[in-house]
Amino acid sequence: MEENRAGEIAGLEKRLKAAEESLAKLSVAVEQTRDMVVITARNGNIEYANPSFERVSGYSKDEVFGKTPRILKSGKHGQVFYERFWNAILSGDVFKAEFIDKKKSDEFYCVEKIVTPIRDKDGSVTHFVSVDRDITGHKEMEKTKRLAGLGKLVADMAHEVNNPLMSISGNAQLCLMSVSQIPDQGIRNYLETIVRECQRAKTIVQRLLKFSHPPRGRLKETDINKTLDIVAGMLEHQFKLDNIELVRNYCQEEPLALVDEQQMQEVFINLLNNARDALPAGGSVEIATYRQDGMVRIEIKDNGCGMPEEVSARLFEPFFTTKEKGTGLGLSVCYDIVRAHKGKLQFKSRQREGTTFIILLPEAGSSADV
Ligand SMILES: Nc1ncnc2c1ncn2[C@@H]1O[C@H](COP(=O)(O)OP(=O)(O)OP(=O)(O)O)[C@@H](O)[C@H]1O
Ligand SMILES: [Mg+2]
């Protein structure tokens, strides 16, 4: 009898030890994985978050403990999306979807999320395990490739359109000269319209051709504060007339980057013109520079109308414009130029509060420069 009991206890101890060992292994796996793992109670309160979650979201375990994942809500998904999500997991289904969440720093990140309900032995859902894979980099790369493809197509088209356009424009001008003596004002008006519209089309084609001019070859170590000053000087007068205050907030030490100065000026002009357009009733635009982690950071911040999600999602697409007279090429050209300098062009925007464009360029001499 005694012997039997001792044998049972030994067996139990062995199983317990094996279970503990297996738990320890699983725990290491969950702690080490690059995926973000969060466990919540049925009511959504967070009970566990692994180190990857802390690293990506910027929140520490202690900060999120007892809170719900709502703190990560980016506002990028509608009510219907969240309803579908909660209905699925509360009824015990596994939910898989791409989510855009928000870090503690307010930056967005994109994840592939799988939420699995955990049930007790009676089958009731007690907890949820959420495993998120950060796919922000992958999404950005896809977008860069798509935009680069679009840019190339647009540039090729511009080359093709350029020659016939020059010919139409030249011939219309010759006709206009030949009919300058005849009394028919109607014909002259038609021809003048052709010449004027050709001029507009030429401007667009010139902008399109910028897609095909990578900046290599004309790169020079440049003090970005000085480049900004040149551009600000060019636009200052117009800004004053439009009742817009231009505030310069430059970093003390020269922010040096290896750039094609003309192209970088083009970027700043486009961004400042967009800021001006966002302030039809006046306001303020701040130009700020920083040096951080081997990068030069330039911010152009307006307190204008901001933009809704449907605009911000398509911002860098060639020809996307919300303006009556816009070509929709300003930002796609900027994107291309900054990318060709191995930099990044980002933005933050809130409707009715304003927009900040951020340009990151590798600092001259840093390992990341061109
Ligand atoms: N600072 C900003 N504030 C609000 N919306 C902006 C801002 N910058 C850009 N946008 C939006 O992005 C769209 C695209 O900008 P982009 O510079 O590419 O073209 P555009 O300004 O419309 O035309 P173009 O620059 O060719 O004259 C704009 O039409 C506008 O809706
Ligand atoms: Mg523009």
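A few comments on the model shown:
- Shape of the stretch 200-334, Cα gyration tensor, a/c cut at 1.5: oblate
- FRET efficiency estimate (nearest 0.05) - Cβ-Cβ, ALA10 to THR322, R0 56 angstrom: 0.15
- Put a dot 7 Å past the Cα of ASP229, heading toward its Cβ, do the same for HIS159, and the two dots end up 4.0 nm apart.
- Applying a DSSP loop filter and a limit of 15 other Cβ atoms within 10 Å to the trypsin sites (Lys or Arg not before Pro) in the stretch 215-313 leaves ARG216, ARG218.
- One quarter of the convex hull surface built on the alpha carbon atoms of the stretch 181-269 amounts to 9.7 nm², the projected area averaged over directions.
- Considering helices alone, the calculated mean residue ellipticity of the chain at 222 nm is -15500 deg cm²/dmol, with DSSP H runs of length four and up weighted by -39500 (n - 2.57) and normalised per residue.
- About its Cα centre, the chain has a charge dipole of approximately 640 debye under the convention of +1 per Lys or Arg Cβ and -1 per Asp or Glu Cβ, with nothing else charged.
- Highest-fluctuation residue, ILE168, ILE224, ILE46 considered, GNM on the chain with Cα pairs under 10 Å: ILE168
- Within the shell of other residues whose beta carbon sits under 15 angstrom from the beta carbon of PHE65, the net charge comes to 0, with Lys and Arg scored +1 and Asp and Glu -1.
- For the chain, the share of DSSP beta bridges that are antiparallel, to the nearest 5, is 90%.
- Sites matching trypsin sites (Lys or Arg not before Pro) across the stretch 1-48 that sit in DSSP coil, with at most 12 neighbouring C-beta atoms within 10 Å: ARG34
- Among GLN185, GLN346, GLN263, the residue with the largest mean-square fluctuation in a Gaussian network model of the chain, with springs joining Cα atoms closer than 10 Å, is GLN185.
- With neighbours defined as other Cβ atoms within 10 Å of a residue's Cβ, the residues ASP184, ASP223, ASP336 order from fewest to most as ASP184, ASP223, ASP336.
- Placing R0 at 45 angstrom, the Cβ-Cβ distance between GLN252 and GLN206 gives a FRET efficiency of 0.75 after rounding to 0.05.
- Extending 7 Å from the Cα toward the beta-carbon at both ILE100 and GLN262 defines two label points whose distance is 3.6 nm.
- Zone of ALA24's modelled label, taken as backbone nitrogen in the stretch 1-17 under 12 Å from a point 7 Å along Cα→Cβ: 17
- Between LEU271, VAL111, LEU191, the Cα set farthest toward the positive side of the dipole of the chain (charges on each charged residue's Cβ, about the Cα centre) is that of LEU191.
- On the beta carbon distance between SER74 and MET141, with R0 = 22 Å, the FRET formula returns roughly 0.60.
- Restraint check, LYS61/LYS143; LYS25/LYS61; LYS103/LYS301; LYS202/LYS348; LYS76/LYS348, Cα-Cα greater than 23 Å: LYS61/LYS143; LYS202/LYS348
Every number here is computed from the coordinates shown, using simple stated rules; none is lab data. Computed from a predicted model, the values in this text were never measured in an experiment. Every residue, glycine among them, receives a Cβ derived from its backbone with ideal geometry; neighbour counts consider all protein chains shown.
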